[in-house]
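Below is one structure, written out as structure tokens; the observations come after it.
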Amino acid sequence: MASHYNFEKKLCFFFVFIFSYHFAQVGTETAKIDSLQKKEFERLQEIGDFKGIVLQEQKLIKKSEELHYTKGVITGYLNIASSLVVLNRNKESLQFLEIADRKLEGYHDPLLNTRLNIVYAKNYFALGLYKQSKDALKKAERISHVITDREEKKKRLYLIYTWKRKNFSKMNMPDSIFKMERKSLMLSPDPELYAEIAARNLNNKRTDSAEYYLGKALALCRKCPVRQKAIVLETYGKLYIEKKEYEKALEYFFESLKISQKGGFTNVTRDTYKLIFETYKMMSNTEKENEYLKKYTFLNDSLNAVDKSVLMIPIEKLLKEHAQAEKRSKRNLYYMIIGIILICMAAILIILTIYKRKQEQKDILIVQKEAETDILKKKLDDTLENVMQLAINRDPLFITKFKETYSEFYHNLTRQYPDLTSNDLKFCAFVKLNFSNKEIADYGNMSIRTVESKKYRLRKKMNLPSDIDFNGWIASLS
């Protein structure tokens, strides 16, 4: 009897030992995953090795799934999505965010939820959806207040204030920008913030203040992500443009360009190309100006094409969120109806309530549609005004911007009349913008007689009947 008892005791001890060893092993593995997803991720981010981040996180996601470690899986998808934003690969970034979003359902972690909404906000900002970006940041800030780790909370709040500042800048809300700047400076300023403040001082012709803040930015750049260093160097170039030291400005621009090209920061590269060709223009170096204008135009067109294809993804997400909200609303309505029936059998009252709610929803939708229409009209007016101003200023970017704004007209015109020269196309663009003969003469650097002759030659070139008004025909071509 005693020997049987001792055997059971030993067997129980053996199983306790096995389970304890297993959980200790799992604990060690998850701690290693946490360390890599934090420290190694930050190290790779600082040196701009985003490919390394993606490869690392793919392995860690697989390992986390084997261990059933949900936090590791979600963090992996968020790290990949965050890296893809920097590389302007918003489509893939949003797809990984969708996966992380689904896995976060039912998993309460305020830090991961805060990160999720910050990365959504970055994507929306990159796509020009500033209201959606602002809403995502508002949600992130609300969730961040329950993060228990003080350092992580501080870090996430700084990111939230940074991207709020960027949104307010695009939305032309200076008071809100200054408010976010103050909040950021109270936490822990980074080089990009000082570079932004310096750029604002440059715009206001305060070069001494700009140089002061750039000095602060450069001092912090010794241990900052390479993307921020590229931005600081680019801003230094702008400072020397203001000082009219163009050769010095180009040195900084090319140093910034080298970093942005190596890191794959295409938005920064595009902006630097623009600054370089504008600098060469100031130096009257036409050959170099045209070389970098072409590079800027090509990269800008490529990025615009990518942006258009990606825009559907956030829209689909918004529609999905709307459908889920409708589903929740209907479920709540169903419970309410049952409660009302059980209490007072007021069927008529329920029908009236439902009808009224649906009417209110229709009214809200109508108001929203009208507001969206007004916003679109304003954007169109602003774009048209910008194109016309480029024409008036004889800016070399005029035809590029016109092509973006009237892409269908431009495509149809060149398809129907492939023999048209660049000067012919530019002349047709002036007519499309409804400029008078005198205005075309002024902006095209020609006489009014030349304008009339040009219209006559184009009419013959296009084989237009004599009874068709040339201006009216151009205006009607979509």
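The values are calculated or read from the model by the stated rules, or taken from the named source; none is laboratory data. In this text the structure is predicted, and so the values were computed from the model without any measurement. Backbone-built Cβ (ideal geometry, glycine too); neighbour counts: all protein chains shown.
A few comments on the model shown:
- Any hit, region 120-132, residues being free of Cβ contacts under 8 Å to residues at least 40 places away in the same chain and among the hydrophobic types (A, V, I, L, M, F, W, C): no
- In region 47-106, residue surrounded by the most Cβ atoms within 10 Å (Cβ to Cβ) [restricted to those that are in a helix (DSSP H, G or I) and of a type in the set (Phe, Trp, Tyr)]: Tyr77
- Residue in region 108-119 that is surrounded by fewer than 16 Cβ atoms within 10 Å (Cβ to Cβ), modelled with pLDDT under 90 and either outside any helix (DSSP H, G or I) or touching a strand residue (DSSP E or B) at 6+ places or on another chain (Cβ under 8 Å) (or both) present: yes
- Here the condition is being among the basic types (Lys, Arg), under 28 Å from Asp49 (Cα atoms), surrounded by fewer than 18 Cβ atoms within 10 Å (Cβ to Cβ) and modelled with pLDDT of 90 or more; of Lys258, Lys243, Lys223, it holds for Lys258 alone.
- When region 428-455 is filtered for residues that are under 18 Å from Asp469 (Cα atoms) and aliphatic (A, V, I, L, M), the ones remaining, listed by number, are Ala429, Val431, Leu433, Ile440, Ile448, Val451.
- Candidates in region 165-198 are the residues that are of a type in the set (Gly, Ala, Ser), within 20 Å of the chain's Cα centre (by Cα) and surrounded by fewer than 18 Cβ atoms within 10 Å (Cβ to Cβ); of these, the one that is farthest from Leu129 (Cα to Cα) is Ser176.
- Qualifying residue in region 451-463 (condition: closer than 23 Å to Asn393 by Cβ and not assigned by TED's automatic domain parsing to the domain that holds Val387): yes
- Apart from one condition, Glu46 fits all of (1) at pLDDT below 90; (2) more than 25 Å from the chain's Cα centre (by Cα); (3) of a type outside the set (Gly, Ala, Ser); the exception is (2).
- Residue list for region 421-465, filter: more than 43 Å from the chain's Cα centre (by Cα), part of a loop (DSSP other than H, G, I, E, B) and not hydrophobic (A, V, I, L, M, F, W, C): Ser447, Asn463, Pro465
- Any hit, region 132-141, residues being over 12 Å from Leu78 (Cβ atoms), in contact with a Ser or Thr (Cβ under 6 Å, 6 or more places away or on another chain) and at pLDDT 95 or above: yes
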